[in-house]
Amino acid sequence: MSSIIARTKSNPLLNSLPHFLTWPSLNFRTICSGRLGFAASDHEPPPLAAGTKVLESFKEEFEIGSTTVTLETGKIARFANGAVVLGMDETKVLSTVTSSKGDSTRDFLPLTVDYQEKQFAQGVIPNSYMRREGAPKERELLCGRLIDRPIRPLFPAGFFHEVQVMASVLSSDGKQDPDVMAANATSAALMLSDIPWGGPIGVIRIGRISGKFIVNPTMDELSLSDLNLVYACTKDKTLMIDVQAREISENDLKAGLRLAHPEAVKYLEPQFRLAAKAGKNKKDYKLYMVSERTLEKVRNLSEKQIEAVFTDSSYGKFERGEALENITQDVKRTLEEECDEESLRVLPKAVDTVRKHVVRRRIISEGFRVDGRGLDEVRPLYCEAGHLPQLHGSALFNRGDTQVLCTVTLGAPGDAQRLESLVGPSTKRFMLHYTFPPYSINEVGKRAGLNRREVGHGTLAEKALLGVLPPEDDFPYAVRINSEVMASDGSTSMATVCGGSMALMDAGIPLREHVAGVSVGLVSEVDPSTGAIKDYRILTDILGLEDHLGDMDFKIAGTRNGVMAIQLDIKPAGIPLEIICESLDHALKGRLQILDHMEREINAPRIQNDETRPRLATFKFSNETLRQLIGPLGVLKRKIEEETGARLSVSDGTLTIASKNQAIMNKAQEKIDFIIGRELEIGGVYKGVVMSIKEYGAFVEFNGGQQGLLHISELSHKPVSKVSDVVSVGQQLSLMCIGRDVRGNIKLSLKASTPHVRSETNIVEGSVPNVKEKPKVWASVDNVSDGQDKKTPVTEFSANSNVVDSTTSSSPAFLIRSIEDCDEEEKAADPSQGSKNETENSPASKRARKSKTKPPKKDNSPSTVSSANMPSHPKNKVKNEETEVESCVSARNLKLKTKVSAKVHQIRRHGLVLDLGGKLRGMLRFEKNCKREFEVGDELQVECTSFSSKGIPVMALLDDE
């Protein structure tokens, strides 16, 4: 446009055109987006200047703890029935409330609470393919439940109009968790709206650091806190409690609750003031109540029959439900005969009211429950650990008719769940997924996406178990518990806690304590005029029916030492805090009963003998070495995974290998060793590739790029005239490092790592990777070779394992031979000597000479060698049943039928780990009917009977022992 104007000014002919030939005279625009168009006439008046609208907003400011809180309305979301922005520091949360206008045809309150954290709140573009936020994440569902639980009981009875709450985070500085802010903002929005509601409420978070309670802790303070308590209340009653703790005692928890109540009440007065300034008058909504006439008629027709069903404790869940349904059908037929349309319309609600009255009256007046139990009695328990032996860990837990199957799966650190929340950690290594299939209650349904109830119950159990897991530094693995509800009759989330704890033990994970959970209920009698509770009964381990007809579902999970997690849901408009505190004592008694049963089934991490179980190994390397292993764009890492089937996870200085069994683990370690090498050790056996051949030997590349000389004299036990007759370029060999020459060059030997022609040898390869930290080994029970055959300072964990002394991993590579093999090798060791020397130096000749020079012992018991305190000197003397021979009891020359005095190093489920001396370990398997008790340190007389596939000596207990 500017260029056109410039050309017009530079051309005087265009300026001298008559007015009727110009575009404005024809009502054309000069230029509009590169095209011609009509323009407004010059005779039209200029448009009026736009006015300035001032948005009237109302604001309340107050302090909670050491933080300033603001409530603001009127500036944004003005069309919503109620809208409030709550701010703390730089974090701001908007909550809006709307309701449907028409009459409701439902018989329940359709309250929907949606909480959303969009990434713009922290200045980030979503990392998804569409760069948009997708379906609600687990945290968003949990925050929505946190808002829903305290506001739902305060809607009036009979209010069945649809209500929607939408809370979204506008900005976040990462200091405050927006969930509590959204709950308070929702309360203020409901106060401003015309929806009938019995609020306001106050929601507060309490933490504890070094025994000191903190109000509204920041996210950094929460990471140091052993308590995360969210408390919601009205002025004088409790509405909701949500707790995650680390074995906090009941008394300390009560102190925290009593501190939280007055702090939460501080939110109430500012909401009243804001509602007085900008609130709407409450609208008269139609309430759908059962009339007294209908309720009395239904009571007369069904009360006695319902009471007979609830009095008979022989009914099961479905038998009781079927009997109650038959009663309802009988009442329905009677009302149909009377043509009472009004009563038929509300019949389900009326029958449910009668049932509730019968059950509550019997519990309060007689102290008996539907199934005949006492008020503080726990249902019959059945526990079974290791229900599915092929899995890493599993457990089946039954309490009454409630049944839950829990399984444990272990993974590498890279399998941790990635989180995209505005606050908190970016990953979590412990996951508990709770599933409630329709068949668990004999119904038909379909599975579709995340379910709010399932996410909430699973997270509650996850909080309870998280605190007893070993620290991440000692146990850096991802753990997933899957809880499948097989049958449901109340408290499936607490059954998940119990089953999950046993499954973790069955998987060999060293939990600090068992965790159990129990649900406590309440039945109260209320004064209709004042609303005060006149009488009440606390119920331990409630049924599903008692949950539905009672006032409270108070779930408490913990150990013997304290509480780990709590979730309180109530139905009336609040419960006094003192009743809540009293319920904690009832829950403790029930929890201890359940823990007794669980500990009788399994009370220590399980040890399993199964080589097919998945394995995990963690190595420490320099970052440069790890870059060499990964390769350009991860090519080498992917190649190893494809060829071996193992999964590699690389983090800062750490390599983690996950495999389905030990064979895959060994294969992956060999591939890795060939790429990045291991610390060179004399006597270690390594795989290498022949790079070039000379007259005097071959040069071999091995151990991640190192080169060594395989001299012609080390090619074979037999004389070799030409190197190329034995090896060729590109051939892969297993070679033993036998030392270095005067120039520091590596000397390799093929014959030292190759069995003799006439011998049957088992070579156990091993060397130590370049690592500075002391190794930690998590090995399966019968795989003692974890510390012997692969001398890698590796944190290994089998699906079911115990800690094995890692010092055993420092033993050198060794060769296992029989006595006959040794005799044959001694004959061939010095071919230059004559037959006379061979005869004189034979083992038989030595035994004969020894028998002449030294008289035998008078003791007729089999002679043994005490290897526990024996130095590794070649002159050590070993006795056998015939006579005395010179030998060195070590890994290199331990022979069959050798009798050794060993010490018990470790007691396993199926046998013993023996200390044979010289850093050598052996195995002794228990016989089927073995009743002898062993203790660590006991000295045993054993005999070498065989060797395992990995070269571990297998010992047998001598008969006289």
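What is the Cα centroid distance between region 342-379 and region 402-417, reported in whole angstrom?
With region 342-379 and region 402-417 each reduced to a Cα centre, they are spaced 39 Å.
Quick one: which residues, 5 or more positions from HIS387 or on another chain, have an amide H under 5 Å from its amide H? H modelled 1.01 Å from N in the peptide plane, none for Pro or chain starts.
It is SER394, ALA395, LEU396, by chain and number.
Could you give the size of the charge dipole of region 274-392 about its Cα centre, using +1 on the Cβ of each K and R and -1 on the Cβ of each D and E, expressed in debye and rounded to the nearest 20?
Value, rounded to 20: 900 debye.
Leaving out ligands and nucleic acids, note down the accessible area per residue over region 557-679 with a 1.4 angstrom probe, in whole Å².
Spelled out: the 1.4 Å probe surface of region 557-679, per residue, equals 43 Å².
If all Cα-Cα distances of region 301-417 are sorted into 10 Å bins from 0 onward, what percent lands in each bin, rounded to whole numbers?
The distribution over region 301-417 is 11, 28, 22, 17, 14, 7, 1, given as percents.
Of GLU63, GLU714, which has the most accessible area with a 1.4 Å probe, and how do the rest follow in descending order?
Working: GLU63 120, GLU714 40 Å².
Of GLU63, GLU714, the descending order of accessible area is GLU63, GLU714.
Give the separation of the Cα centroids, region 223-260 to region 628-684, in Å.
When both Cα centres are located, 48 Å separates them.
In Å², what does the accessible area per residue of region 372-468 work out to with a 1.4 Å probe?
45
Mind checking which of GLY544, PHE554, ASN603 is farthest towards the positive end of region 478-603's charge dipole, using Cβ charges of +1 (Lys, Arg) and -1 (Asp, Glu) about the Cα centre?
Looking along the dipole axis, the top candidate is ASN603.
Please list the non-local residues whose amide H lies under 5 Å from the amide H of VAL526, H modeled 1.01 Å from N, same-chain partners needing a gap of 5 or more.
LYS534
What distance in nm separates the simple spin-label points at THR530 and ASP330, each placed 7 Å from Cα in the Cβ direction?
Output for this residue pair reads 4.0 nm.
Highest first, please rank the peptides 645-652, 695-702 by the mean number of other Cβ atoms sitting within 10 Å of their residues.
695-702, 645-652
May I ask which of LYS286/LYS534; LYS282/LYS534; LYS687/LYS751; LYS722/LYS747; LYS237/LYS317 have a Cα-Cα span longer than 25 Å here? Intermediate values should be presented prior to the final figure.
Values: LYS286/LYS534 30 Å; LYS282/LYS534 31 Å; LYS687/LYS751 14 Å; LYS722/LYS747 19 Å; LYS237/LYS317 33 Å.
Pairs exceeding the cut-off: LYS286/LYS534; LYS282/LYS534; LYS237/LYS317.
Express the relative contact order of region 109-223 as a whole percentage, based on alpha carbon pairs under 8 Å and six or more residues apart in sequence.
Once divided by the residue count of region 109-223, the mean separation gives 28 percent.
Over the heavy atoms of TYR115, what accessible area does a 1.4 Å probe trace out, to the nearest 10 Å²?
Estimated to the nearest 10 Å², TYR115 gives 10 Å².
So who's got an amide H within less than 5 Å of the one on ALA80, skipping anything under 5 residues away but keeping other chains? H placed 1.01 Å off N, in plane.
Counting only residues 5 or more places away or on other chains, the set is empty.
How much length would be gained if the chain were fully extended between GLU624 and PHE62, taking 0.36 nm per residue of separation minus their Cα-Cα distance, in nm to one decimal?
196.8 nm
Can you list the HN-Hα couplings for region 519-534, worked out from phi with the Karplus curve (6.51, -1.76, 1.60; θ = phi - 60°), rounded to whole Hz and with x for Gly and Pro?
Values, residue by residue: 9, 10, x, 9, 10, 10, 10, 10, 6, x, 7, 9, x, 7, 7, 8 Hz.
Quick one: 3J(HN,Hα) in Hz for region 692-702, Karplus 6.51/-1.76/1.60 with θ = phi - 60°, rounded, Gly and Pro as x.
Calculated HN-Hα couplings, in order: 7, 10, 10, 5, 8, x, 10, 9, 10, 9, 8 Hz.
The values are calculated or read from the model by the stated rules, or taken from the named source; none is laboratory data. Being a predicted model, the structure only gives us computed values, none of them experimental. In this analysis, Cβ positions are derived from the backbone assuming ideal geometry, glycine residues included, and neighbour counts consider all displayed protein chains. Note: areas computed on protein heavy atoms with side chains; ligands, DNA, RNA excluded. Shrake-Rupley method; radii C 1.70, N 1.55, O 1.52, S 1.80 Å.
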